[in-house]
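The values are calculated or read from the model by the stated rules, or taken from the named source; none is laboratory data. It should be emphasised that the depicted structure is a prediction, and the values quoted were computed from it without experimental measurement. Using ideal geometry, Cβ is built from the backbone for each residue, glycine included, and neighbour counts are taken over all protein chains shown.
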Amino acid sequence: MKIVITHAYFLCDDKSEQKTMMPYPPLGLLYVSAYLDQNGLMNEVFDSTFETEESLSDYLLKEVPDFICIYATLMTKLQIIRLIKFIKSSNQLKGAKIILGGPDVRFNTKNYLIHGADYLVIGEGEATTFELINALINNEPLNSVRGIAFSGPLGDIISTPDRNLLNLDNLPLPARHKINIGSYLSKWKEVHGFNTLNISTMRGCPFGCCWCSKAVYGNSNRRRSPRLVVDEIIWMQSHFQFDHIWFVDDVFTLSTQWLSRFANELKLRHIRISYECITRADQLSVQDVQLLKESGCYRVWIGAESGSQKILDLMNRKVKVEEVQKSIISVKKAGMQAGTFIMLGYPGEEEKDILDTVKHLKRSNPDLYTITLAYPITGTELYNQVVLSDPSENDWANRTDRQTDFSRKYPRQYYEYAINLVNREMAGYRNWKKMKMVQALKHKLFAIYWRLKMKQISIYHQS
């Protein structure tokens, strides 16, 4: 039996990523691949990141796999639908079983099955994928495989109970040897002058932000032992030449004890690394900042989302604006870079909240920040709270969650102008701090322009 694992993400089609050019290897796929290998199911990985839909199609026609496992996200849904259509319409491939997993399948079960998927892996994928394929190969009943969904003989959907979550220390290292890691490293080097690779030390997040998806791990939180994480780092250093590490965990400083053991493990084994991570302001103590610095951290991303306490409370962030500002400042004082995330257009946000966000950014003055426009991910609390705009036009197979809008206080364009306002205000402030007064004035005038555009929309909308 031939098994192919892929993800149908194509960098050439992602205009947003092409601007930043920060691609990372698909760890989720590589973990599933390694687990199948460990348990005797040999498989191949087609990393589509630097490929095209045509090259993936050609590969499948050449290999003619019995099982095609695809990792599904809200970003790749449209490509996956097209890929399924291609597989089902091909004489060579129509006998292949299509297995989908990943964060987009739990709350879109019916739609994916209607559009041609044979089986869905719900939740954590390694053990479920193995048991499902093993059962299909041996013609065993599927109702004993936990964490799957499929269409029954009468067109009904059969779902089995979720499985117990794995002990992460029992997982093999992701099968990085199966893909061309050099493509990632060279692209980073070409664009940024340095390169980086990603590592996962934990799964899940215990916090309940309304806009965040819990589709794979729920509210669980598990972590690998520091010793095994350092083992992985040593393996990577012996196989690849890279400058930095990106720890993909949601809250890297969730446990001071774990962080202390990790820093000590690196020290005892004389391992030097440079890395960046994400955390929350309420999970970043003075000791955590010291341990980050000692263990090689050069940049910490701290979730802010808004400078308005009203909006943070609506998001169920359970953090104070002042805490975020204090954490950003403390990271910078320790000699590390601080980054933060901002989300505009959240339900209930008004001009005052946006201006509070501007004040927040100026007071904390992070080295880096990103801004996104809020959008409702299926299955989240935010999705269940809002009224979707034009639901009759919400054709599931032709649009992603990012393209789905909801009714806000003002039209979407108002918040797009607000993004321009924030960026101009911050550019002006930073130039002012550097005593570049001409540039500061220029950006300030643009900020006034965008605020006037926002005013026009708000007046028109209220009339």
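When F262 is tested against the conditions (1) over 30 Å from V191 (Cα atoms); (2) surrounded by fewer than 18 Cβ atoms within 10 Å (Cβ to Cβ); (3) not hydroxyl-bearing (S, T, Y), the lone failure is (2). Filtering R402, R451 for residues that are buried (at least 18 other Cβ atoms within 10 Å of the Cβ), charged (D, E, K, R) and either in a helix (DSSP H, G or I) or more than 34 Å from the chain's Cα centre (by Cα) (or both) leaves a single hit, R451. The sole residue among M454, M435, M426 that is at positive phi and not assigned by TED's automatic domain parsing to the domain that holds L83 is M435. Among the conditions (1) without any contact (Cβ under 8 Å) to a residue 12 or more places away in the chain; (2) in a loop (DSSP other than H, G, I, E, B), G379 misses just one, which is (1).
So L29 passes all but one of these: (1) in contact with a Ser or Thr (Cβ under 6 Å, 6 or more places away or on another chain); (2) at pLDDT 95 or above; (3) of a type in the set (A, V, I, L, M). Which condition number does it fail? Of the numbered conditions (1) in contact with a Ser or Thr (Cβ under 6 Å, 6 or more places away or on another chain); (2) at pLDDT 95 or above; (3) of a type in the set (A, V, I, L, M), the odd one out for L29 is (1). The residues in segment 162-176 that are surrounded by fewer than 14 Cβ atoms within 10 Å (Cβ to Cβ) and either farther than 19 Å from T128 by Cα or of a type in the set (F, W, Y) (or both) can be counted, and the count is 0. Summed over segment 90-111, residues that are within 23 Å of I137 (Cα to Cα), out of contact with any Asp or Glu (no Cβ under 9 Å at 6 or more places or on another chain) and surrounded by fewer than 17 Cβ atoms within 10 Å (Cβ to Cβ) total 4.
Among the residues of segment 313-335, are any part of a strand (DSSP E or B), among the polar types (S, T, N, Q) and either farther than 24 Å from R222 by Cα or in contact with a strand residue (DSSP E or B) (Cβ under 9 Å, 6 or more places away or on another chain) (or both)? The answer is no, given that none of the residues of segment 313-335 is part of a strand (DSSP E or B), among the polar types (S, T, N, Q) and either farther than 24 Å from R222 by Cα or in contact with a strand residue (DSSP E or B) (Cβ under 9 Å, 6 or more places away or on another chain) (or both). Here are some residues: G303, G307. Which one is touching a residue at least 24 places away in the same chain (Cβ under 8 Å) and assigned to a loop (DSSP other than H, G, I, E, B)? Testing whether each residue is touching a residue at least 24 places away in the same chain (Cβ under 8 Å) and assigned to a loop (DSSP other than H, G, I, E, B) leaves just G307. Flag: L165 matches the condition of being more than 14 Å from G101 (Cα to Cα), in contact with a strand residue (DSSP E or B) (Cβ under 9 Å, 6 or more places away or on another chain) and in a loop (DSSP other than H, G, I, E, B). Among residues of segment 445-457 that are within 14 Å of Y414 (Cβ to Cβ), those with a Cβ under 9 angstrom from a residue that is outside any helix (DSSP H, G or I), sequence gap 6+ or separate chain, pair up as M454/Y410; I457/Y410; I457/P411. If you filter segment 1-26 down to residues that are in contact with a strand residue (DSSP E or B) (Cβ under 8 Å, 6 or more places away or on another chain) and not in a loop (DSSP other than H, G, I, E, B), you find that the one that is farthest from K187 (Cα to Cα) is I3.
Checked against (1) farther than 21 Å from P103 by Cβ; (2) touching a Ser or Thr at 6+ places or on another chain (Cβ under 9 Å), Y24 passes all but condition (1). Given the structure, is Y346 outside any helix (DSSP H, G or I) and either modelled with pLDDT of 95 or more or not small (G, A, S) (or both)? Taking the combined requirement at face value, the residue satisfies it.
Here are Y414, Y369, Y383: which of them is under 26 Å from K110 (Cα atoms) and either modelled with pLDDT of 90 or more or of a type in the set (D, E) (or both)? Quick ask: steps written out before the conclusion?
On the way: Y414 fails: under 26 Å from K110 (Cα atoms); Y369 fails: under 26 Å from K110 (Cα atoms).
After applying the criteria, what remains is Y383.
Among the candidates T400, T404, the residue that is modelled with pLDDT under 95 and either of a type in the set (D, E) or in contact with a helix residue (DSSP H, G or I) (Cβ under 6 Å, 6 or more places away or on another chain) (or both) is uniquely T400. Of everything in segment 220-253 that is assigned to a helix (DSSP H, G or I), of a type in the set (A, V, I, L, M, F, W, C) and touching a residue at least 60 places away in the same chain (Cβ under 8 Å), the residue that is surrounded by the fewest Cβ atoms within 10 Å (Cβ to Cβ) is W235.
One line per residue, one yes/no per condition, for (1) part of a helix (DSSP H, G or I); (2) over 21 Å from M1 (Cβ atoms):
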{"residue": "G28", "(1), (2)": "yes, yes"}
{"residue": "A34", "(1), (2)": "yes, no"}
{"residue": "G40", "(1), (2)": "no, no"}
{"residue": "E54", "(1), (2)": "yes, yes"}
{"residue": "I84", "(1), (2)": "yes, no"}
{"residue": "I99", "(1), (2)": "no, no"}
{"residue": "N108", "(1), (2)": "yes, yes"}
{"residue": "G116", "(1), (2)": "no, no"}
